[in-house]
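Student: Before I ask anything, let me first share the structure, which is written out below as structure tokens.
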Amino acid sequence: VWPGTIVSTAGKPVGRDQRFDFTVREAFTAKFECGRVNGRAACNPIAPANVYFTAPVDRVVALAVRLKFADGTERKPKLSEDDKNAAQVSNLNFEGGFPADSTAQVVIPAGIKDLSGRPLVNAARFPLTVRFAPPPPLVKFAAAFGIIEASEGASLPATKLSRWGPVM
């Protein structure tokens with residue numbers, strides 16, 4: 001609200017109250033997400049991981065983001081089919097199949113800015129250390145069966161197999 005009592009540098013009053021409505025954009029931030037068994041668990045090593053920006057970034061700058069592992073190896077991000085040829089992107093994907101029971105750092109280029117020239121507000125969080133969990137139990141076995149973990153309280157229906165399929 002711009003009150004009518006405001007005067008110009010020449011001393012002339014505005015004369016009436018004025019209201020100006022506008023929308024403020026959210027701050028330019030980056031966020032890392034990965035699949036987890038629960039909110040406090042480490043990242044699932046077989047699921048993809050993602051970096052999201054709240055505003056578009058130049059494609060070349062975005063593709064400089066890296067996932068660096070403790071053994072010195074790095075992963076480059078991939079773009080979705082929709083963003084494959086785009087000049088600007090806001091979502092990066094790191095394909096799953098990460099070293100199990102390991103740590104990595106999400107490294108974002110220093111001085112990264114969105115297309116409007118705004119700096120990353122949460123740049124101090126990066127490089128961000130992330131942890132990958134041991135592989136889930138079923139990944140260890142390449143067979144058509146399931147595992148029931150005693151501590152998880154799961155149940156499994158009993159079926160009898162015949163030549164034509166399960167019989168209840």
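The values are calculated or read from the model by the stated rules, or taken from the named source; none is laboratory data. From a predicted model like this one, the values you see are computed outputs, not experimental measurements. Here Cβ is always computed from backbone atoms with ideal geometry, including for glycine, and neighbour counts include all displayed protein chains. To get the accessible areas, we keep the full protein, side chains included, count just its heavy atoms, and leave off ligands, DNA and RNA. Shrake-Rupley method; radii C 1.70, N 1.55, O 1.52, S 1.80 Å.
Student: At 1.4 Å probe size, with the rest of the protein present, what percent of the exposed accessible area of segment 21-74 is carbon and sulfur atoms?
Tutor: 53
Student: Moving to a separate point now. Would you mind working out the accessible area per residue for segment 1-76, using a 1.4 Å probe, and quoting it in Å²?
Tutor: Accessible area per residue: 70 Å².
Student: Moving on. What nm value, rounded to one decimal, do you get for the distance between Gln88 and Val121 when each label is placed 7 Å out toward the C-beta?
Tutor: 1.8
Student: Sticking with this structure for a sec: In terms of solvent-accessible area of protein heavy atoms at a 1.4 angstrom probe, what is the ranking of Arg40, Arg16, highest value first?
Tutor: Arg40, Arg16
Student: Now a separate question. Under 5 Å between amide H atoms, partner at least 5 residues away or on a different chain: which partners does Gln88 have, H built in plane at 1.01 Å?
Tutor: Arg59
Student: Relative contact order, percent, of segment 1-127 when contacts are C-alpha pairs under 8 Å separated by at least 6 residues?
Tutor: It rounds to 24 percent for segment 1-127.
Student: A further question on this structure: Compare the Cα positions of Val89, Phe69, Pro48 along the charge dipole of segment 42-94 (+1 at Cβ of Lys, Arg; -1 at Cβ of Asp, Glu; about the Cα centre) and return the one farthest towards the positive end.
Tutor: Of Val89, Phe69, Pro48, it is Phe69.
Student: Find how much the distance from Ala100 to Leu128 grows on full extension, using 0.36 nm per residue of separation minus their present alpha carbon separation; answer in nm with one decimal.
Tutor: 8.3 nm
Student: May I pose another question? For segment 41-145, what is the convex hull volume of the alpha-carbon atoms per residue, in Å³?
Tutor: Here the figure is 125 Å³ per residue.
Student: Let me ask you something else. To the nearest 20 debye, what charge dipole does segment 49-138 have about its Cα centre, counting +1 at the Cβ of each Lys and Arg and -1 at the Cβ of each Asp and Glu?
Tutor: 240
Student: Another question about this same structure. Against the empirical 2.2 N^0.38 Å scaling, what ratio does the C-alpha Rg of segment 83-122 come to?
Tutor: Relative to the rule-of-thumb radius for its length, segment 83-122 sits at 1.55.
Student: So how far apart, in nm, are the two label points at Ala41 and Glu74 if each is 7 Å from Cα heading toward Cβ?
Tutor: Modelled inter-label distance: 3.1 nm.
Student: Calculate the translational D of segment 9-72 in whole µm² s⁻¹ from Stokes-Einstein, where the hydrodynamic radius comes from the Kirkwood formula applied to all Cα pairs, the temperature is 20 °C and the viscosity 1.002 mPa s.
Tutor: Calculated translational D: 126 µm²/s.
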